[in-house]
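The values are calculated or read from the model by the stated rules, or taken from the named source; none is laboratory data. This one's a predicted model, so the numbers in the text were calculated from it and none came from an experiment. All Cβ positions, even for glycine, are placed from backbone atoms using ideal geometry, and neighbour counts span all protein chains on display.
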Protein chains: 6
Amino acid sequence: MARLDGRSNDELRKVNITRHYLKHPAGSVLVEFGDTKVICTATIQPKVPKFLRGTGSGWLAAEYSLLPGATETRVAREVTRGKVSGRTQEIQRLIGRSLRSVMDLKALGEKSIMIDCDVIQADGGTRTASITGAFIALVDALETIYDPQTVFPVKDFLAAISVGVSDKDEIILDLCYEEDSKAAVDMNVVMTGNGDFVEIQGTGEEHPFSHKQLTGLLATAESGIDELISYQKDILGNYLGWRIGREP
Amino acid sequence: MARLDGRSNDELRKVNITRHYLKHPAGSVLVEFGDTKVICTATIQPKVPKFLRGTGSGWLAAEYSLLPGATETRVAREVTRGKVSGRTQEIQRLIGRSLRSVMDLKALGEKSIMIDCDVIQADGGTRTASITGAFIALVDALETIYDPQTVFPVKDFLAAISVGVSDKDEIILDLCYEEDSKAAVDMNVVMTGNGDFVEIQGTGEEHPFSHKQLTGLLATAESGIDELISYQKDILGNYLGWRIGREP
Amino acid sequence: MARLDGRSNDELRKVNITRHYLKHPAGSVLVEFGDTKVICTATIQPKVPKFLRGTGSGWLAAEYSLLPGATETRVAREVTRGKVSGRTQEIQRLIGRSLRSVMDLKALGEKSIMIDCDVIQADGGTRTASITGAFIALVDALETIYDPQTVFPVKDFLAAISVGVSDKDEIILDLCYEEDSKAAVDMNVVMTGNGDFVEIQGTGEEHPFSHKQLTGLLATAESGIDELISYQKDILGNYLGWRIGREP
Amino acid sequence: MARLDGRSNDELRKVNITRHYLKHPAGSVLVEFGDTKVICTATIQPKVPKFLRGTGSGWLAAEYSLLPGATETRVAREVTRGKVSGRTQEIQRLIGRSLRSVMDLKALGEKSIMIDCDVIQADGGTRTASITGAFIALVDALETIYDPQTVFPVKDFLAAISVGVSDKDEIILDLCYEEDSKAAVDMNVVMTGNGDFVEIQGTGEEHPFSHKQLTGLLATAESGIDELISYQKDILGNYLGWRIGREP
Amino acid sequence: MARLDGRSNDELRKVNITRHYLKHPAGSVLVEFGDTKVICTATIQPKVPKFLRGTGSGWLAAEYSLLPGATETRVAREVTRGKVSGRTQEIQRLIGRSLRSVMDLKALGEKSIMIDCDVIQADGGTRTASITGAFIALVDALETIYDPQTVFPVKDFLAAISVGVSDKDEIILDLCYEEDSKAAVDMNVVMTGNGDFVEIQGTGEEHPFSHKQLTGLLATAESGIDELISYQKDILGNYLGWRIGREP
Amino acid sequence: MARLDGRSNDELRKVNITRHYLKHPAGSVLVEFGDTKVICTATIQPKVPKFLRGTGSGWLAAEYSLLPGATETRVAREVTRGKVSGRTQEIQRLIGRSLRSVMDLKALGEKSIMIDCDVIQADGGTRTASITGAFIALVDALETIYDPQTVFPVKDFLAAISVGVSDKDEIILDLCYEEDSKAAVDMNVVMTGNGDFVEIQGTGEEHPFSHKQLTGLLATAESGIDELISYQKDILGNYLGWRIGREP
């Protein structure tokens, strides 16, 4: 049976990544997963957090935010509520860990990359769109400081997707907001170009899930990630895509 | 002598307002004054602040924020710094006062309009672009709840522009960031379609200005506002533009 | 090859749960996983969050904290740093979701259960010890208000354990702090008495992991959970254990 | 027609400035504009903000606060509300900018002047009284560190006054609280001894104002400022007054 | 041997209380203990804290603050530091408890008295001056709502004074700042008109004190309090003084 | 007439101090005064606050907190309320001052001792139990860095106890929570092994107390302190107890 928007269960929404979206940051994209739209920027800063000073190693951190008009009901700014919500903290820690997993922080040297993901329109999957788009912004930013004598500090491609068990007990890929709010199980998967897992976060608060369902969820996620990484390779093109994971 | 981008002294940058920019808010635009780009949204909320409850009168408030990647050097999120800066507070109070000046809050009834101006790219004039764009988002939002038996709660058109005294001692209109950072005098003017002043905020911290310079600044601002209001009338079209300031 | 403390790879540390540890809260335990010691309390409050008022449904929320002396280097109090850290937020959201997954919140009625997990000594696995111990405190607290005419609002047993890939590339169960800080992959698994998954959170920031490793991690976690749930059944005894998941 | 307190439209309230009001700060005054009473102090600090270190240039910043008992209804302390209000921020930024406009920050050297304006009784015009009084506290503070070989770091006199359009559509000077709360237009003007404008902030939220009204408001403000600067010259006396704007 | 300012060991500084110091609050005084100057105000509010609603009983709370220019080195505003310091909290809790001890909160009815003590110049003894002055502001405020059919809600006079052991090992009364900063022992005593103790807070952090010294400190404090209460009776006069502690 | 728990008026509750309670901190105890249970830890840090840098002198500070489940009704965490309460601030300042009074901070050198008192169960007297127990944790911590060539930096024993005037107008020692909540007068006394007073904090908010009652309260407190210090000597034993207050 077809989904809300007519997709088949293992079909992604239309994905689009616009490179060089803003003029100031070193790297910037607009990433769209269907109606979900996120501006991802990557900024290079000449210093590292205290715990890394003098180690020769770099760092990457991420911040995430929803614009007030991004959701169906206006969402209050976090500065107004006085603190970053638990949900935001989890998402920005996830984005940071995921991108660091494919970076060679030694090769970067004592610099920091700051990733900002600002959701201008939300329709489910904002964290997976953020990771998938921020990867492109990161590569574009690093290209601006690349020295061909050295290793390019990105070791592999990286993308993320959501999977879930629908209210009809079917396994579905890339949930939109309405599907997500009804899903029995919700899982986010982050994987590398090499097919390894970086993060698996699955939760069945309403309906604990069986080992068999878990197997299906992971297979569906893997096929979605494959498609996203192909798209990333296309838009980066041979020139940049070739650099990832190569020795100098 | 020509300006940085070849404009004459009393020339606006290219202005563009894209209506219906986002799918969730009642009103939303992307406003561009040259490279300055702001998403303005207007949301209608069914309640008013405490001091207005039971008065039959409505309210409008505004919030303003810079995305971290909007400026040349990344700007830290206000939630990270833990508070709204003085500059942000001044701007959002200015946007709110300006838009309220052309509203008939009694005709609105006990509802609140929340205006959000989020700058995705900054190149000078973010507050004047915000006011000029938010006016359109406001009209679009109010149209969604308009009851033809009643007065449309917007009494007049409204736009804002910056003027200044350049480092060459010339009066210039609609300053870009580089001009603004060098200007001796900086002034923001908000006016109605009827040609009245709503706000004048001029400051000559580095170079106090004479009465004669003041006269020139105001004349230049008035011509810029005229042009902006013509543009607003064009994009709203007869259907909506006609409604503003009319009896039912 | 043996682990630091001589355990085999799939062996739990010594687990101990002391019921009725404090005199004031409705339910309270001291849970020990080796040197990790957590005080878990469950308090019943007569009201629910706003979004549930009038729905007839109850709620459960959790808070987690480290005492300053719990860790090797003194950890600053969160009130001193002025905010709850991202790590704490993730853990308390995880504890809350996990316990809610085995509750019948309708059967609870419009009451809230507040779970507090305060770590007095930390040696790895504080979140899994918290979930496993808090389950017992929850059952003890609910027993104090149990009405035999109704359904006991706990539907199933629940326990949690950590697994990981060690620096020697072996899959190990219930990591102590030193193992955890060296592990290539770190995964927390929460399961029900029925053998279903409630949460899987695995991260390989330093070393993405293969599908085959994932299979091994899950199997090891499942055997550890089995053992923990047997222990929970022992200490609750037939009288209370029998009530879980039964009709009145 | 006479005003509430019998003044003519272009008449100031009784102005009084008591120098050396407190024993600790380098400069301190009690300034009174009618019933409005403000303690203004100037403190000299041996360091400058980060962005000026090593430039040889000094700085001046201002803070403003209402005592809880200053207003008709007790006003909550800002520390209790947890943040500085937008109104306070605007006022302290205005006071700082205004005083800096007549300072020679290079001549001051790498020192900071901290201005504190604490309103002990409010009856309209607290910001204009603050600027006018703080100017005297500033001169007194700088005198304590003055080296006759160098330029005195104050270049010109400075005063501020409010003007407005009353509810009877008349232009009035130096509004008391009751007049201010009814005024259609409210404008604050800051000027130098030389007759130049430092700040113009006019707002007609309730009633946008015409070009003609603007002309009248400015003329009335200029005459009020003249009178205030004469008074400042009187109380500073020849000895100190002579120093302002002179070469060594 | 004489003290810094020539006083004998058991001599108060010059005490002065100016009633009706501000025009807005119901009660307001300027209290001076030598160079220590505090504005104390009492405001009546028509509601009580939650824990008293419906009990028929009133409340009194106090806030205390130092103006930035009050001390030798400028003291940062608490809103700037983001929180009320421990010292401030202790003082305002002390002022509140002390004044409540002589109030008949039942006779007050469901109203709150808010006491504000703002130190404009500090030279030791700000908390004892605050209590002694706030007592007069409180009586003046209550007189404005007094109904002669009922009990006046103040049961007794109240004053406070500091005593200490000097660096010369002598017991001294009413310490100025310089004496206080050198004192071995510092004690604040609050007493009623009836000669009973309301608060004793003595601390010998640098030099623990003997039982014999304690006896001397208390005797000296008692004689100082006697003098302060005589002064309070004088300035309130027979008309108001007579009302305190009397039946209607 | 006997007290709630059958004690005589001048009898302590059962006191117990368990040394080496936790494995990480340099010193740690569990102290019990009846049902009041507090974990006290002492941590040594290699630096001092700014105002002591370069002076050769050390420092000691204390923090205090109630676990949420420690009291009859769950107490909200301070981080949730966003600030340390006035009560907590008073207690941690008292603990810090008291312990510093028996330390030789010069002999300690430029190190800081951080004392943490976390109440896991509260039944009155948490601050006096904290001081009495923290003293032992402090001695144990200092022993870990003791160099026999130097002075041991603790000069004397230290203990604290509460006394009060009961609702039956009797003087009682070591009040439990129920007695404390009914007491007319509440006093905390901190004394050294030498019999000198370090702190006296007595308050009679509800019932001011006479000079005669004060004499009785102090005598009762002194006998309680004697007993506590004997107990401290017993559990430290000759080896450590002998070191306190001795030259090398």
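Considering only segment C:194-214, how many residues are closer than 30 Å to C:Gly27 by Cα, crowded, with 22+ Cβ neighbours inside 10 Å and without any contact (Cβ under 8 Å) to a residue 24 or more places away in the chain? Can you show your working first?
First, pick out the residues of segment C:194-214 that are closer than 30 Å to C:Gly27 by Cα: C:194-201.
Filter again for crowded, with 22+ Cβ neighbours inside 10 Å, leaving C:197-198, C:200.
Next, from what is left, pick out any that are without any contact (Cβ under 8 Å) to a residue 24 or more places away in the chain: C:197, C:200.
Final tally of qualifying residues: 2.
Hey, among the residues in segment F:207-235 that are over 17 Å from the mean Cα position of the chain (by Cα) and β-branched (Val, Ile, Thr), which one's nearest to the other protein chains (Cβ to nearest Cβ)? Per the stated criteria, the residue is F:Thr215.
Residues of segment E:223-239 that are touching a residue at least 24 places away in the same chain (Cβ under 8 Å) and either closer than 20 Å to E:Ser130 by Cβ or basic (Lys, Arg) (or both): E:Gly224, E:Ile225, E:Glu227, E:Leu228, E:Ile229, E:Tyr231, E:Gln232, E:Lys233, E:Ile235, E:Leu236. Inspect all residues belonging to segment F:88-96 and state whether any of them is over 12 Å from the mean Cα position of the chain (by Cα), more than 30 Å from C:Pro46 (Cα to Cα) and not polar (S, T, N, Q). Yes. For E:Gly204, the conditions (1) within 14 Å of chain F (Cβ to nearest Cβ); (2) over 18 Å from E:Arg93 (Cα atoms); (3) touching a Gly at 6+ places or on another chain (Cβ under 8 Å) all hold with the exception of (3). Taken over segment F:8-40, the criterion of being more than 13 Å from chain C (Cβ to nearest Cβ), in contact (Cβ under 8 Å) with a residue 60 or more places away in the chain and more than 15 Å from F:Val139 (Cα to Cα) is satisfied by F:Asn9, F:Asp10, F:Glu11, F:Leu12, F:Arg13, F:Val15, F:Phe33. Within segment C:153-200, being on the phi < 0 side of the Ramachandran plot, more than 9 Å from chain A (Cβ to nearest Cβ) and among the charged types (D, E, K, R) holds for C:Lys155, C:Asp167, C:Lys168, C:Glu170, C:Glu178, C:Glu179, C:Asp180, C:Lys182, C:Asp186.
Matching residues to (1) modelled with pLDDT of 95 or more; (2) touching a helix residue (DSSP H, G or I) at 6+ places or on another chain (Cβ under 9 Å); (3) of a type in the set (A, V, I, L, M, F, W, C):
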{"position": "F:Ala2", "(1), (2), (3)": "no, no, yes"}
{"position": "F:Gly6", "(1), (2), (3)": "no, no, no"}
{"position": "F:Val15", "(1), (2), (3)": "yes, yes, yes"}
{"position": "F:Arg19", "(1), (2), (3)": "yes, yes, no"}
{"position": "F:Gln45", "(1), (2), (3)": "yes, no, no"}
{"position": "F:Glu78", "(1), (2), (3)": "no, yes, no"}
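Just give me the residues in segment B:215-248 being among the hydrophobic types (A, V, I, L, M, F, W, C) and surrounded by fewer than 18 Cβ atoms within 10 Å (Cβ to Cβ), in sequence order. I'd like the intermediate steps shown before the answer.
First, pick out the residues of segment B:215-248 that are among the hydrophobic types (A, V, I, L, M, F, W, C): B:217-219, B:221, B:225, B:228-229, B:235-236, B:240, B:242, B:244.
Residues satisfying the conditions are B:Ala219, B:Ile235, B:Trp242.
Across segment F:168-184, the qualifying residues are those that are modelled with pLDDT of 95 or more and not acidic (Asp, Glu), and the one among them that is surrounded by the fewest Cβ atoms within 10 Å (Cβ to Cβ) is F:Tyr177. You will find that of B:Val163, B:Val154, the residue that is over 21 Å from B:His20 (Cα atoms) and in contact with a strand residue (DSSP E or B) (Cβ under 7 Å, 6 or more places away or on another chain) is B:Val163 and no other.
Taking the conditions exactly as written (out of contact with any Cys (no Cβ under 9 Å at 6 or more places or on another chain) and either hydroxyl-bearing (Ser, Thr, Tyr) or closer than 30 Å to E:Ala76 by Cβ (or both)), does E:Glu199 satisfy them or not? Against the criterion (out of contact with any Cys (no Cβ under 9 Å at 6 or more places or on another chain) and either hydroxyl-bearing (Ser, Thr, Tyr) or closer than 30 Å to E:Ala76 by Cβ (or both)), E:Glu199 qualifies. Take the conditions (1) out of contact with any helix residue (DSSP H, G or I) (no Cβ under 6 Å at 6 or more places or on another chain); (2) under 27 Å from B:Ile17 (Cα atoms); B:Val198 misses just one of them, which is (1). One residue alone among A:Thr132, A:Thr150 is at pLDDT below 95 and of a type in the set (Ser, Thr, Tyr), and that residue is A:Thr150. Suppose the filter is in contact with a Leu (Cβ under 9 Å, 6 or more places away or on another chain) and touching a residue at least 24 places away in the same chain (Cβ under 8 Å); does D:Gly109 pass it? In short, no.
Applying the criterion of being outside any strand (DSSP E or B) and not aromatic (Phe, Trp, Tyr) to the residues of segment B:149-167, the residue that is surrounded by the most Cβ atoms within 10 Å (Cβ to Cβ) is B:Pro153. Scanning segment A:63-96 for residues that are of a type in the set (Ser, Thr, Tyr) and buried (at least 22 other Cβ atoms within 10 Å of the Cβ), we see that the one that is farthest from the other protein chains (Cβ to nearest Cβ) is A:Tyr64. Applying the criterion of being crowded, with 22+ Cβ neighbours inside 10 Å and farther than 18 Å from A:Ile225 by Cβ to the residues of segment A:97-113, the residue that is farthest from the other protein chains (Cβ to nearest Cβ) is A:Leu108. Inside segment A:8-20, residues that are in contact with an Asp or Glu (Cβ under 8 Å, 6 or more places away or on another chain) and assigned to a loop (DSSP other than H, G, I, E, B) make up a count of 6. Among the residues of segment F:41-62, is there at least one that is within 12 Å of chain C (Cβ to nearest Cβ), in contact with an Asp or Glu (Cβ under 9 Å, 6 or more places away or on another chain) and without any contact (Cβ under 8 Å) to a residue 60 or more places away in the chain? Among the residues of segment F:41-62, not one is within 12 Å of chain C (Cβ to nearest Cβ), in contact with an Asp or Glu (Cβ under 9 Å, 6 or more places away or on another chain) and without any contact (Cβ under 8 Å) to a residue 60 or more places away in the chain, which makes the answer no.
Take C:Val139 and decide whether it is crowded, with 22+ Cβ neighbours inside 10 Å, farther than 30 Å from F:Ala61 by Cα and in contact with a Ser or Thr (Cβ under 7 Å, 6 or more places away or on another chain). Spelling it out, it is not the case that C:Val139 is crowded, with 22+ Cβ neighbours inside 10 Å, farther than 30 Å from F:Ala61 by Cα and in contact with a Ser or Thr (Cβ under 7 Å, 6 or more places away or on another chain). Taking D:Ile131, is it buried (at least 21 other Cβ atoms within 10 Å of the Cβ), within 14 Å of chain B (Cβ to nearest Cβ) and out of contact with any His (no Cβ under 6 Å at 6 or more places or on another chain)? In short, yes.
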